[in-house]
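Worksheet: the structure to be examined is printed underneath.
All of the numbers you see were taken from the coordinates with simple rules; none came from a lab. This is a predicted model, so every value here is computed, not measured. Every residue, glycine among them, receives a Cβ derived from its backbone with ideal geometry; neighbour counts consider all protein chains shown.
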Amino acid sequence: MKRYILLIFSIFLGLYVSAQTPKQEVIASAGGYNTNGTLAISWTLGETIIPTFTSGSLILTHGFQQDIWITDVEKNIDSPVKITVFPNPASDNINILFDEPTDTEVNVYLLDSQGKLLKTGVIENATSETEMNLQDIPAGIYYLKLVKGNLSNVYKVVKL
């Protein structure tokens, strides 16, 4: 009889333990989570130990707030013209290639990951490859926005 009671107790204990799900928790002096329509921001202040390791151009940082998600990049130029941005990743220059000539000018904007405008330019009647110099900006992830009238495309560009 003791064996059966011990067996039943062990089964219930096993079910109870397996039903637990680990949660991410942090002990910090402040933090918060706010949403506004489609934008959500979460922040933590005062993490006690956050080591950072670097090796060449690679950086590894520990900490609770490490996830960055970009879920949508604007892309809506309704045009049969195919646009190619290369090389990606780039070191000094990127090239913008239109498969067919454009009938109107195309405005070019280079933005950083926070939306700060770094460079602007205009491509008039693009008939071939156009080059944009990236030598004066640091390594990182940038967004190249091409605007034609009220339509635009955004391309993610990685600078090494």
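Data table
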| quantity | calculated |
| --- | --- |
| Over region 83-159: Rg over Rh, Cα atoms, Kirkwood Rh | 0.94 |
| A90 long-range amide H proximity, modeled H, under 5 Å | V158, K159, L160 |
| Greater than 19 Å apart at Cα, pairs in K82/K145; K119/K145; K82/K116 | K82/K116 |
| For S152, distant residues with modelled amide H under 5 Å away | N76, I77 |
| Segment F53-S91, extension gain: residue separation times 0.36 nm, minus the distance between their alpha carbons | 11.4 nm |
| Most to least packed among 139-147, 114-122, 89-97, 32-40 [average Cβ atoms within 10 Å] | 139-147, 89-97, 114-122, 32-40 |
| Phi to ³J(HN,Hα) by Karplus 6.51 cos²θ - 1.76 cosθ + 1.60 over region 115-120, Hz, x for Gly, Pro | x, 6, 6, 9, 9, 9 |
